[in-house]
Amino acid sequence: MRVARSLTALGILLILTQALPPSEARAIPPDPQAVLARADSVINAPLDQIQDMELILIEKNGSERIREIRMWQKGDDTRTVKFLEPADVRNIGFLSLPDDVMYLYMPAFKKVRRIAAHVKNQSFAGTDFTYDDMGTIKYADDYDAKLAEETPDCFVLLLSPRPGTEKDYAQLKMWITKGTFYPIKTEYYDRGGSLCKIMERREVSQIQGYWTAAEVEMHDLKTQHRTRMRLSNVEFDSGLSDDMFTARFLQRRQ
Amino acid sequence: MGTKAALLCFLVGLAAPSVSAQGQIGGHVLTDWRARLDDGKVLWNENRLELEIDASPTSKAHLFAQFWIRGFGVSEAATTQDLMGLDKRKSNPWDLLPREAYVDLYGFFTPDLDLRIGRQRIAWGTADKINPTDNLNPDDLEDIWDFGRHLGTSSVLAQYYRGDVTISAVFTPGFTPATLPPADWAAALSTPLALPGGVEAGKLSDELDMPVNTLRETASVAVKIARPVLNYDLSLSYLTGRSDFPVPIRVVLTPVDSNSVDVHSTLVYPRMSVLGADLSGAIRTVGVWAEIAVFFPEAVYTTLDMSALELGQQEIVSLPDEHFARYVVGGDYTFAGGLYINAQFIHGFAHELGRDCLHNYVVAGLEKKLRNDTIQITVAGAVEIPDSAHPGDNYAIIGMPEIAYYPSDNSEITCGVRVIGEKGQTSFGQLAEMDEGYIVFRYAF
């Protein structure tokens, strides 16, 4: 019901945005928090999604390693990820549920293990993405937004972690396109105020009616390491069962 | 052995056409070398091919099998005949071990029920590697440093899912004893023999009095119910079966000369029931877990036969029929820089039977990954304290620093040392002269 209501609201917002001439739309001073929530809604708009991802880990010297994963997501707060390749991580599974409940399945130990929120800011399987990044994304719940600037194409927001949230970064700077409310670039600043990571979403287009980036790249400026994530076999709103987001499914080999 | 190898080839060949479409063959190649630090004695020489066959012929069925084909140990050739024979095991020891082979049937009878039938590993418990409630499969202590390794057993596992509740039931018809470490390490798991004053042990021998091969004697049954409660995952379990570690029921002393006796022991596997509980969750962002198993053993009375020494017979209680509890409490945390810490307090190790035999252990480890996870440094250690009232009198301290390098996908090179310091009488202290260095190469495919 909550999902249905938020989709209705999103639909109304989209209709209103499209109905307003661009000049009138710009005339309304943007509420940064609302813009952020809107971006969340766009990212998480599909009722559910399945996609295969190729994670290309690029070393400073240009050498590459590749991981392949399959991801299932339902709504904006449940996600299952399974590794397909390479062999040393094959069948490892990760389940992210609401309220920071996360499980990891390690085939070698034949066990699904509950993992605590301390891993959220750690590297996910050697990539430049964290467990937090690989979980579901709802920036508006975790960050307070301020408008840093407004370019002809983007709202640029400064995001500060809300009190009580455990984040490794002191601040995020996010570029959200005005036309689609799709976040295309995020800069991550450490506690010393230094820029440490940049995430870019590229090749953004509508797939089955939903804005989707076919490529996402995370660049760690400290290590000069990059992870490029390429999407394929994307499928939206296929009516995924809740059973796909359980420990039972996590350890099931497909 | 030739027949076994042929069978394995047949299985792989049989599976190959179908796995290409619906599953896969994988596994790893591993080489594990260990040598004693003080004199360079080769303690371990293992070269293993782990082969996994994985197939899902339909969405409702899944097949899995895991085999180890390995060369192990050093040449045992004693005569030239050993080198000439067709069977090369003495000059080149190797074996084939079926670790698991089972079928999963998903949504069996009802969509909420999954069955797993066949030789399988059923891992219960939420603690890290040392799990008091993990008693469905016998311990595989061949490698004493591979904590938590168990053998597969031929079992039926039924798992029923209803909402966030999972009910598991296991039936294992046969009894399988734990495997024990090779002689160099076996001392850690054995109790020192108490002989009459001035008498020394000569030749030691034993025999296992295995349970009679009937379901009543060999079968084990277990159930578990698990569900989340207040942001913690909880489970309760019950098992009735047998201890996988033997207890002496008869010890016969036979004089060899005026100072020494040969000792022959008969060992049995006592029945016991185990009531278990575990939880896992978090306190703020720190991962926490706790696990307890209360054992209810049948009593084992040991007859000490010293008739040949003209000292008659004595009966002592080796395992009283009083319950005892093993438990683990632990937690883990990752600091902002990526330093991971894991610590556990353990009361009672797998081989410790009886309330008076349980030692305390504190195990902790620090892990740090470097260079985009291509290097991992681990500094782990453990302290064994048999008697909490006098920790300074008896203790063992184990240090296990290790470095792992991942030069490319699927490959891993690990090296490290295990060193032990001790005082008094402890389990791991008996390995104090076995300080070792090791290097392991592993490639997954």
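The values are calculated or read from the model by the stated rules, or taken from the named source; none is laboratory data. For clarity, every value in this text was computed on a predicted model and none was experimentally measured. Note that we place each Cβ from the backbone using ideal geometry, even for glycine, and neighbour counts take in every protein chain shown.
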>> Just the residues that are more than 23 Å from B:E52 (Cβ to Cβ) and either in contact with a His (Cβ under 8 Å, 6 or more places away or on another chain) or buried (at least 16 other Cβ atoms within 10 Å of the Cβ) (or both), please, taken from segment B:93-113.
In response: B:P93, B:F108, B:D112, B:L113
> Can you name the residue in segment A:95-126 that is more than 9 Å from every other protein chain (Cβ to nearest Cβ) and modelled with pLDDT under 90 and, of all such residues, is nearest to B:R371 (Cα to Cα)?
Replying inline: A:F124
> Would you call A:A145 away from every other protein chain (no Cβ under 14 Å), buried (at least 17 other Cβ atoms within 10 Å of the Cβ) and either over 29 Å from A:A214 (Cβ atoms) or hydrophobic (A, V, I, L, M, F, W, C) (or both)?
Replying inline: yes
> Going by the structure shown, is B:I377 at pLDDT 95 or above and away from every other protein chain (no Cβ under 14 Å)?
Replying inline: yes
>> Would you confirm, using the coordinates I've provided, whether B:F445 is surrounded by 15 or more Cβ atoms within 10 Å (Cβ to Cβ), within 14 Å of another protein chain (Cβ to nearest Cβ) and in contact with a His (Cβ under 8 Å, 6 or more places away or on another chain)?
In response: yes
> Taking B:G392, is it assigned to a loop (DSSP other than H, G, I, E, B), surrounded by 15 or more Cβ atoms within 10 Å (Cβ to Cβ) and modelled with pLDDT under 90?
Replying inline: no
>> Let me confirm something: among B:S318, B:S273, B:S280, B:S258, which residue is of a type in the set (S, T, Y), touching a Ser or Thr at 6+ places or on another chain (Cβ under 7 Å) and either within 14 Å of chain A (Cβ to nearest Cβ) or not in a strand (DSSP E or B) (or both)?
In response: B:S280
> Counting only residues that are without any contact (Cβ under 8 Å) to a residue 40 or more places away in the chain and surrounded by fewer than 19 Cβ atoms within 10 Å (Cβ to Cβ), which one in segment A:234-254 is nearest to the other protein chains (Cβ to nearest Cβ)?
Replying inline: A:R248
> Under the condition of being of a type in the set (S, T, N, Q) and in a strand (DSSP E or B), which residue from segment B:12-49 is modelled with the lowest pLDDT?
Replying inline: B:Q24
>> Here is a check on your reading of the model: is B:E207 touching a His at 6+ places or on another chain (Cβ under 8 Å) and away from chain A (no Cβ under 14 Å)?
In response: yes
>> Looking at B:I292 and the list (1) aliphatic (A, V, I, L, M); (2) touching a residue at least 60 places away in the same chain (Cβ under 8 Å); (3) within 14 Å of another protein chain (Cβ to nearest Cβ), which single condition is not satisfied?
In response: (3)
> So B:P181 clears everything in (1) away from chain A (no Cβ under 14 Å); (2) surrounded by 13 or more Cβ atoms within 10 Å (Cβ to Cβ); (3) part of a strand (DSSP E or B); (4) modelled with pLDDT under 95 except one condition, right? Which one?
Replying inline: (3)
> List, please: which pairs have Cβ atoms under 7 Å, are six or more places apart or on different chains, and start with a residue in segment B:190-214 that is closer than 20 Å to B:V268 by Cα and end with one that is aromatic (F, W, Y) and surrounded by 13 or more Cβ atoms within 10 Å (Cβ to Cβ)?
Replying inline: B:P211/B:F175; B:P211/B:Y269
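So that you can scan it fast, the table gives a plain yes or no per residue for (1) within 14 Å of chain A (Cβ to nearest Cβ); (2) in contact (Cβ under 8 Å) with a residue 12 or more places away in the chain; (3) touching an Asp or Glu at 6+ places or on another chain (Cβ under 9 Å); (4) under 26 Å from B:L236 (Cβ atoms):
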{"residue": "B:E298", "(1), (2), (3), (4)": "no, yes, yes, yes"}
{"residue": "B:Y301", "(1), (2), (3), (4)": "no, yes, yes, no"}
{"residue": "B:M306", "(1), (2), (3), (4)": "no, yes, no, no"}
{"residue": "B:G312", "(1), (2), (3), (4)": "no, no, yes, no"}
{"residue": "B:E322", "(1), (2), (3), (4)": "no, yes, no, yes"}
{"residue": "B:A325", "(1), (2), (3), (4)": "no, yes, no, yes"}
> Could you count how many residues in segment B:215-239 are touching a residue at least 40 places away in the same chain (Cβ under 8 Å), part of a strand (DSSP E or B) and more than 30 Å from A:D100 (Cβ to Cβ)?
Replying inline: 5
> Quick one: which strands (runs of 3 or more DSSP E) sit completely within segment A:157-254 and have at least 2 residues that are basic (K, R)?
Replying inline: A:195-207, A:225-236
> Based on what the data block shows, is A:K60 within 13 Å of another protein chain (Cβ to nearest Cβ) and more than 13 Å from A:I137 (Cα to Cα)?
Replying inline: yes
> Which is assigned to a strand (DSSP E or B) and free of Cβ contacts under 8 Å to residues at least 24 places away in the same chain, of A:R114, A:R67, A:R79?
Replying inline: A:R114
> Just a yes or no: is a residue in segment B:38-51 in contact with a Phe, Trp or Tyr (Cβ under 6 Å, 6 or more places away or on another chain) and within 12 Å of another protein chain (Cβ to nearest Cβ)?
Replying inline: yes
>> Here is a list: B:L105, B:L96, B:L113, B:L86. Which entry is farther than 30 Å from B:A350 by Cβ and more than 14 Å from chain A (Cβ to nearest Cβ)?
In response: B:L86
> What residue, among those in segment B:412-428 that are surrounded by fewer than 18 Cβ atoms within 10 Å (Cβ to Cβ) and of a type in the set (S, T, N, Q), is farthest from the other protein chains (Cβ to nearest Cβ)?
Replying inline: B:Q425
